[in-house]
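Have a look at the structure below before the remarks.
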Amino acid sequence: MSTEQTPLYYHGTKADLKTGDLIEVGFVSNYGTKRKSKYIYLSETLDAATWGAELAFGDGKERIYIVEPTGSIEDDPNVTDKKFPGNPTKSYRSQHPFKVVGEVTDWKGHSPEQLKMMKDHLEKLKEQGIEAIED
């Protein structure tokens, strides 16, 4: 008998979703130049999902959903290849929808200083013509 558990996956956003909704590719990306996304992103860590919720465009409430991939997922090259070899952030992407199965309501955001530092960093990348998310 296997003792390996299926990991919990999280998706941070400002979208108002319900259990059973699908998060799909083709919507305007929350990052960069707001082009239509070719991938959707998820993580096994609340910290990575927290960044997703805090940095998402829009005025909606920051939310972290528990999601189930409906197809294959792969390491997110935006963080694993460029910043964190070996994928310690446990960040992934997919072209297949994620099904919302719940919401984390008791998560804690980053400090105002950490958030400002990250937003300043992303703004510098933008000024250099570098996309934060590369599909």
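The values are calculated or read from the model by the stated rules, or taken from the named source; none is laboratory data. Just so we're clear, the structure is a prediction, and the values are computed from it rather than from any experiment. FYI the Cβ positions are ideal-geometry reconstructions off the backbone, even for glycines, and counts take in every protein chain you see. SASA here: full protein model, heavy atoms, side chains in, ligands and nucleic acids out. Shrake-Rupley method; radii C 1.70, N 1.55, O 1.52, S 1.80 Å.
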Restricting the range 53-69 to residues that are surrounded by fewer than 14 Cβ atoms within 10 Å (Cβ to Cβ) and of a type outside the set (D, E), the one modelled with the highest pLDDT turns out to be K61
Take T13 and decide whether it is modelled with pLDDT under 85 and of a type outside the set (F, W, Y). no
The range 87-135: number of residues that are under 19 Å from V67 (Cα atoms), open to solvent by 70 Å² or more (accessible area, probe 1.4 Å) and either in contact with a Pro (Cβ under 9 Å, 6 or more places away or on another chain) or at pLDDT below 80 (or both): 3
Within the set of pairs 6 or more residues apart or between chains, which connect a residue that is modelled with pLDDT of 90 or more and surrounded by fewer than 13 Cβ atoms within 10 Å (Cβ to Cβ) inside the range 19-48 to a residue that is assigned to a strand (DSSP E or B) and of a type outside the set (F, W, Y) with Cβ atoms less than 9 Å apart? T19/K99; T19/V100; T19/V101; T19/G102; T19/E103; G20/K99; G20/V100; G20/V101
Mind telling me which of the residues V67, V79 ends up being assigned to a strand (DSSP E or B) and in contact (Cβ under 8 Å) with a residue 12 or more places away in the chain? V67
